[in-house]
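Colleague: First the structure, then my questions, so here it is.
The values are calculated or read from the model by the stated rules, or taken from the named source; none is laboratory data. What you see is a predicted model; the values in this text were computed from it and never measured. Neighbour counts run over all protein chains shown; Cβ positions are idealised from the backbone, glycine included. Only protein heavy atoms, including side chains, enter the accessible area calculation; ligands, DNA and RNA are left aside. Shrake-Rupley method; radii C 1.70, N 1.55, O 1.52, S 1.80 Å.
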Amino acid sequence: MASVAVADPAPKPVEIKDLRAKAVVLTDPHGGVYVVFRTENPKVFFGPDAKTLFEQNIVGSGSDGDSWEFSTWAPRVADGSHLGSVELKKDGTYEKSCRGKDDLKLTELSGDRAKAILDKAAFMTSAVVRVPHLLARDDSGVYYYVDRIAKIYGGKGYRVFVGRKGALKQLPLTDVASDSAGDVFSTKTGDLRLVRDSGSTTWVKGEKRTQLVFLDTDENLTVIYKDLGLYTFLGTICDNI
């Protein structure tokens, strides 16, 4: 048995005191702020302004002489990579890339301007509190979606949504059963059932059973985080695409 209704947690403060000496503070033409800590355990933070900066999920990095690049998880990038990046190029310029969309030249801040951001900004853990658990649809384009609280915030806390893109409605959960055979999400209007081994997904409403098309959540991140219309601010460097 798994938890049904859990209040969403909030991002938590990240201590940067020991990282400040390795900080690279950058800004874009729209006022967005990027702070890269090039340490043994590197960190990248971003915020649409200098008030609150959220930690990015680094999925790759590289360097060549003085140039470097950090690739970060960006689910709204639709090229299949779901990656954005912050880079110091070989010509000495900085760039934020979202694979051709919302790419921006960045400007390095130094001295008092950089110090003011490091002193006053709130450095927080990821703003992505909820992550996909299950996605399916029927033959008429109605989506069935389950998300849960991210592991770094405790996990579980499932929610079920049903509807067409941009118009999904949350269904109140009455029970959740999860075991080695699969998951059953019971709502007041029906049950969403996933058979784990086969990926078979079924919507059961009374005596009626509707076989659904199972959709891989990793392959459909852009659909989930953009097209379904359930999430607005993710705190990633490529939110605006």
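Colleague: What would the Debye equation give as log₁₀ I(q)/I(0) for region 58-110 at q = 0.15, 0.28, 0.30 Å⁻¹, counting only Cα atoms as equal point scatterers?
Modeller: -0.41, -1.12, -1.18
Colleague: Same structure again: Enter the per residue convex hull volume of the chain, computed from alpha-carbon coordinates, in Å³ rounded to the nearest integer.
Modeller: Convex hull of Cα atoms, per residue: 144 Å³.
Colleague: In degrees from 0 to 90, rounded to the nearest 10, what is the angle of the helix 111-120 Cα long axis to the longest principal axis of the chain?
Modeller: Between helix and principal axis, roughly 30 degrees.
Colleague: Where the accessible area of the chain is counted over protein heavy atoms with a 1.4 Å probe, how much of it, in %, is carbon and sulfur?
Modeller: Accessible surface attributable to carbon and sulfur in the chain totals 48 percent.
Colleague: Using protein chains only and a probe of 1.4 angstrom, how many square angstrom of S71 are accessible, to the nearest 10?
Modeller: For S71, solvent-accessible area is about 20 Å².
Colleague: Please report, in whole Å, how far the alpha carbons of region 129-226 spread along each principal axis, starting with the longest.
Modeller: Rounded to whole Å, the extents work out to 39, 28, 26 Å.
Colleague: Another question, if that's okay. Roughly how many whole Å is it from the C-alpha centroid of region 29-94 to that of region 216-241?
Modeller: 18
Colleague: Run the helix sum for the chain: -39,500 (n - 2.57) per DSSP H stretch of 4+ residues, divided by residue count, reported at 222 nm to the nearest 500 deg cm²/dmol.
Modeller: Only helices count here, giving -1000 deg cm²/dmol.
Colleague: Quick query: amide H of G155 versus all other amide H atoms, modeled in the peptide plane; which residues come in under 5 Å with a sequence gap of 5 or more or a different chain?
Modeller: Amide H to amide H, under 5 Å and 5 or more residues apart or across chains, G155 pairs with A150.
Colleague: To continue, here is another question. Send over a whole-number figure in Å² for the accessible area per residue of the chain, probe 1.4 Å.
Modeller: Result: 51 Å² of accessible area for each residue.
Colleague: With an 8 Å cut-off on Cα pairs and a minimum separation of 6 or more residues, tell me the relative contact order of the chain in percent.
Modeller: 20
Colleague: Further question: Given points 7 Å out from each Cα along the Cα-Cβ axis, report the D64 to K156 separation in nanometres with one decimal.
Modeller: With each label placed 7 Å out from Cα toward Cβ, I get 4.9 nm.
Colleague: Give the share of C-alpha pairs in each 10 angstrom bin for region 200-241, from 0 to the last occupied bin, in whole percents, shortest bins first.
Modeller: Values per bin, smallest distances first: 23, 36, 25, 14, 2.
Colleague: Aspartates and glutamates near K17 by alpha-carbon distance under 18 Å, same-chain residues fewer than 8 away left out - which ones?
Modeller: E40, E55, D112, D119
Colleague: What value does region 43-149 have for Rg/Rh, both radii from Cα atoms and Rh as Kirkwood defines it?
Modeller: Here Rg/Rh amounts to 1.07.
Colleague: Can you work out D for region 2-94 in µm² s⁻¹ from Stokes-Einstein, where Rh is the Kirkwood radius over C-alpha pairs, the temperature is 37 °C and the viscosity is 0.692 mPa s?
Modeller: Once the numbers are plugged in, D ends up at 220 µm²/s.
Colleague: With θ taken as phi - 60° and the coefficients 6.51, -1.76 and 1.60, list the Karplus ³J(HN,Hα) couplings across region 189-204 in order, rounded to whole Hz; mark glycine and proline as x.
Modeller: In residue order, the calculated couplings are 10, x, 10, 9, 10, 10, 8, 5, 5, 9, x, 5, 10, 9, 9, 10 Hz.
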